[in-house]
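Before any comments, here is the structure.
Computed from the coordinates by the stated procedures, all read-outs in this text should not be read as laboratory data. As the structure is a prediction and not an experimental result, all values here were calculated from the model. Using ideal geometry, Cβ is built from the backbone for each residue, glycine included, and neighbour counts are taken over all protein chains shown.
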Amino acid sequence: MPRGANLEPNFPNPFNPRTTIRWTQGTSGHVRLTILDAAGRAVTTLVNEERAAGVHRLVWDGRDARGREVGSGVYFVRLEALEELRSRKITLVK
């Protein structure tokens, strides 16, 4: 397994009402996984903690940090891990 971090494509994409986000990291370290709107504003932070090396996955239910459903549109998953930054475009369709 490589030492860095890799953000895999989410599934399904487009999605409604939830999608699975998967990433791998070659070593243990701090991870922050944030959902951003199309303007680059943080919608919610899904992970902000130390994680072990390996494959990780979680489900985003299309809600913001306050638990409110977000609208249809383009969002970005932003992964900050192991001093690397990765992002992917995801689409919520209602």
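Observations, loosely collected:
- Length gained on full extension, Phe11 to Glu69, computed as 0.36 nm times the residue gap minus the Cα-Cα distance: 19.0 nm.
- Which of Leu79, Leu92 has the fewest Cβ neighbours within 10 Å, and the rest in rising order: Leu92, Leu79
- Placing pseudo-labels 7 Å out from each Cα toward the beta carbon at Thr20 and Val93 gives an inter-label distance of 2.0 nm.
- Computed over the chain, Kirkwood Rh from alpha-carbon pairs, angstrom: 13.3
- Per residue, the average separation of C-alpha pairs within less than 8 Å and at least 6 apart gives the chain a relative contact order of 33 percent.
- Net charge in the neighbourhood of His30 (other residues with Cβ under 10 Å of its Cβ; Lys, Arg +1, Asp, Glu -1) is -2.
- Modelled spin labels at Thr27 and Arg41, positioned 7 Å past Cα toward Cβ, are 3.7 nm from each other.
- A Cβ-based charge dipole, computed about the Cα centre of the chain with Lys and Arg at +1 and Asp and Glu at -1, lands at about 240 debye.
- Legend: ranking of residues Thr44, Thr20 from fewest to most surrounding C-beta atoms inside 10 Å; resulting order Thr20, Thr44.
- Most simply put, the chain has about 95% antiparallel DSSP beta bridges, counting only bridges with both residues inside it.
- Cut-off 14 Å, label 7 Å out along Cα→Cβ of Glu49, residues of the range 1-42 by amide N: 29-33
- Residue among Ile21, Ala42, Gly73 farthest towards the positive dipole end of the chain, charges placed on Cβ: Gly73
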